[in-house]
Amino acid sequence: MKNSIASTVYDLIGVGFGPSNIALSIALEERAKSQGALSTLFLDKQDNYRWHGNTITGQSNLQISFLKDLVSMRNPTSPYSFVNYLHQQGRLTDFINLGTFYPSRLEFNDYLCWVAKHFSDQCHYGEMILAIEPVFTQDKIKTLRVTSCNIHGKEQVRETRSLAISPGGSARIPRLFEEFKSDSRIFHHSKYLSSIKQQPCAQGKTMKIAIIGGGQSAAEALIDLNDNYPSVQADMILRSMALKPADASPFVNEVFTPKFTDIMYNNQQVDRDSLLKEYYHTNYSVVDEAMIKQIYSMFYKQKVSGDQRHNFRCLTEIEQVIATEQGIALALLNKETGEKELVNYDAIILATGYERKQHLELLAPLDSYLGNYTVDRNYRLQTDARCQAAIYLQGCNESSHGISDTLLSVLALRSDEIAASLYSHLTQETQEVASLSTASVLEIA
Ligand SMILES: Cc1cc2nc3c(=O)[nH]c(=O)nc-3n(C[C@H](O)[C@H](O)[C@H](O)COP(=O)(O)OP(=O)(O)OC[C@H]3O[C@@H](n4cnc5c(N)ncnc54)[C@H](O)[C@@H]3O)c2cc1C
């Protein structure tokens, strides 16, 4: 299809309209009242936005207090708070009666969609950003060219003075499974709901399914298969010895506070790395403690009844994957006993986490201006002097800003730190343009 080129130069284009960029659009709206409105556009590849929508099962709850919504930590009086959402939906009293800080992900998704609707004039859904390229003014890059593609395959090119790249994570597929990407029996947990519906168990047929991984997603899949697919027998395959609980105790939880972002950022990289290592199990390869108890009780009931429907295969390494029409055989090594076994499955769920590399692919045409992709405290990429367009990154700065970076934890504050930096950048640009034109007027005179 033919490209179409828009003539407007935007102040900001956002890659993705998930929580990070929704929070940013709120922060910009707040600042617009005193600092003037910016021309902004956010593009999200999902045509029907949902927050990790393919993973929302009946058991999935928010893993963070609802008070860490898009605004409350910065501006508790904002109309975009979770509490105001509840009030507008007529559910505030009922929610209070629940006595929880952790709403279902179904409800939090609805909250995010409700906020996003307020900004629908600034967002185009069903448009995937494909490339970001430099636009040269003499020898300087002051603006960027953004190419996107909509669901009908139509490409669009736009120009912007700044970018907020917030694409979230992409499914991490272990090397052994890479060659089976097109096999519908092997799927990543990010596609859980739509993929499981296409399996024979959705029609009540018997299936043996392997869940690879020992984190929250793996646990949620096991419970969903147990509760909603009675014809499924599941094996949970883990490298570790046991499911481990997420440490949500209050002192440790301070690792998710804005203060910790400063502690992390102000450290040397070697110390940042050891902090990340120390707190790794607050977020990764861990399961909500209540869910661990639920799973333990499920296994205990199996022992009582003698009907061993599901299995744990702990301390197990997958050595080979052999897919045939009959099924998928996994060659498993028990690291404790050294025993090897070939086990057949009808489907495999890869609850193997996410990686955050998309910004590197999108920014490849600018690679030579971006050094080693470090960001400043306000999440702005450090470019060399030739690139003056501002590029902000959200969700891929864990190594410099800490474990909250991929989560909701500091969104309310981070969005305003970016907004402040962006306004300051655009003001400086305007002043430079004004002083250049004054200089040329003086020269002509
Ligand atoms: C299953 C799951 C559950 C989670 N639960 C929690 C939780 O309970 N608490 C918590 O704090 N964190 C949780 N997280 C972490 C999660 O990363 C954050 O909650 C939050 O979603 C981060 O927001 P984001 O906007 O940075 O990324 P995302 O929410 O991933 O949004 C990114 C958006 O960008 C769009 N996009 C990607 N690439 C492109 C492109 N090239 N062009 C256009 N659009 C694009 C995507 O469609 C998506 O809508 C969870 C993550 C997962 C995967």
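When Rg and the Kirkwood radius Rh are both evaluated on Cα atoms of the chain, their ratio Rg/Rh stands at 1.01. Averaged over its residues, the stretch 1-96 has an accessible area of 47 Å² per residue, based on protein heavy atoms and a 1.4 Å probe. The slack in the chain from N344 to N372, taken as 0.36 nm per residue of separation less the alpha-carbon distance, amounts to 5.6 nm. Rounded to 0.05, the FRET efficiency of the Q269 and T137 pair, given R0 = 30 Å and the Cβ-Cβ distance, is 0.30. At a 1.4 Å probe radius, carbon and sulfur cover how many percent of the accessible area of the chain? On the chain, the fraction of accessible area on carbon and sulfur atoms equals 51 percent. Computed over the stretch 259-300, the Cα gyration tensor eigenvalues convert (square root of 5λ each) into semi-axes of 34, 10, 4 Å, ordered from largest to smallest. Take 384-396, 140-152 and order them by the average number of nearby Cβ atoms within 10 Å per residue, most first; the result is 384-396, 140-152.
Taking Cα centre as origin and charging only the Cβ of basic (Lys, Arg, +1) and acidic (Asp, Glu, -1) residues, the dipole magnitude of the chain rounds to 580 debye. In this calculation the C-beta distance from S182 to T337 is compared with R0 = 41 Å, giving a FRET efficiency of 0.70.
In this structure the stretch 213-312 gives 56 Å² per residue of accessible area when probed at 1.4 Å with all protein chains present.
Return one number: the angle in degrees, 0 to 90 and rounded to the nearest 10, between the long axis of the Cα atoms of helix 411-444 and the longest principal axis of the Cα atoms of the chain. That helix lies at roughly 20 degrees to the long axis. Overall, the stretch 289-377 carries a charge dipole of about 440 debye about its Cα centre when +1 sits on the Cβ of Lys and Arg and -1 on the Cβ of Asp and Glu, all other atoms neutral.
Projecting label points 7 angstrom from Cα along Cα→Cβ for Q46 and K244 puts them 3.0 nm apart.
The convex hull defined by the C-alpha atoms of the stretch 181-283 has an orientation-averaged projected area of 9.2 nm². Note on the stretch 95-155: the alpha carbon radius of gyration divided by the globular reference 2.2 N^0.38 Å gives 1.85.
Helix 216-228 axis versus longest C-alpha principal axis of the chain: approximately 50°, rounded to the nearest ten. Accessible surface calculations at 1.4 Å, restricted to protein heavy atoms, place the stretch 330-373 at 53 Å² per residue. Using a simple spin-label model with pseudo-atoms 7 Å out from Cα toward Cβ, E289 and N253 lie 1.1 nm apart.
Considering only E127, E341, E325, the mean-square fluctuation computed in a Gaussian network model of the chain, springs between alpha carbons under 10 angstrom, is largest for E325.
Cross-link partners of K293 among lysines, defined as those whose alpha carbon lies under 17 angstrom from its own and excluding same-chain residues fewer than eight positions apart: K244, K301, K303.
Only helices enter the 222 nm calculation for the chain: every DSSP H run of n ≥ 4 contributes -39,500 (n - 2.57), and dividing by all residues gives -10000 deg cm²/dmol, rounded to 500. What the phi angles of the stretch 284-290 give under the Karplus curve with 6.51, -1.76 and 1.60, with θ = phi - 60°, is a coupling list of 10, 6, 9, 10, 3, 4, 4 Hz, glycine and proline written as x. Relative to its Kirkwood radius, the Cα radius of gyration of the stretch 143-216 gives an Rg/Rh of 1.14. Give me the Debye-computed log₁₀ of I(q)/I(0) at q = 0.10, 0.14 Å⁻¹ for the stretch 308-445, equal point scatterers on Cα only, no solvent, two decimals. Calculated log10 I(q)/I(0) at the listed q: -0.63, -0.85. With a Förster radius of 25 Å applied to the beta-carbon distance between T100 and S297, the computed FRET efficiency rounds to 0.80. Taken along the Cα-to-beta-carbon direction at a fixed 7 Å, the label points for K277 and V304 span 4.4 nm. Taken about its Cα centre, the stretch 5-129 carries a charge dipole of roughly 240 debye when the Cβ of each Lys and Arg holds +1 and the Cβ of each Asp and Glu holds -1.
The values are calculated or read from the model by the stated rules, or taken from the named source; none is laboratory data. Bear in mind that the values here come from a model prediction, so they are computed numbers and not experimental data. For neighbour counting, all protein chains shown are included, and Cβ atoms are generated from backbone atoms with ideal geometry for every residue, glycine included. When the accessible area is computed, the model is the full protein with side chains, heavy atoms only, and any ligands, DNA or RNA have been set aside. Shrake-Rupley method; radii C 1.70, N 1.55, O 1.52, S 1.80 Å.
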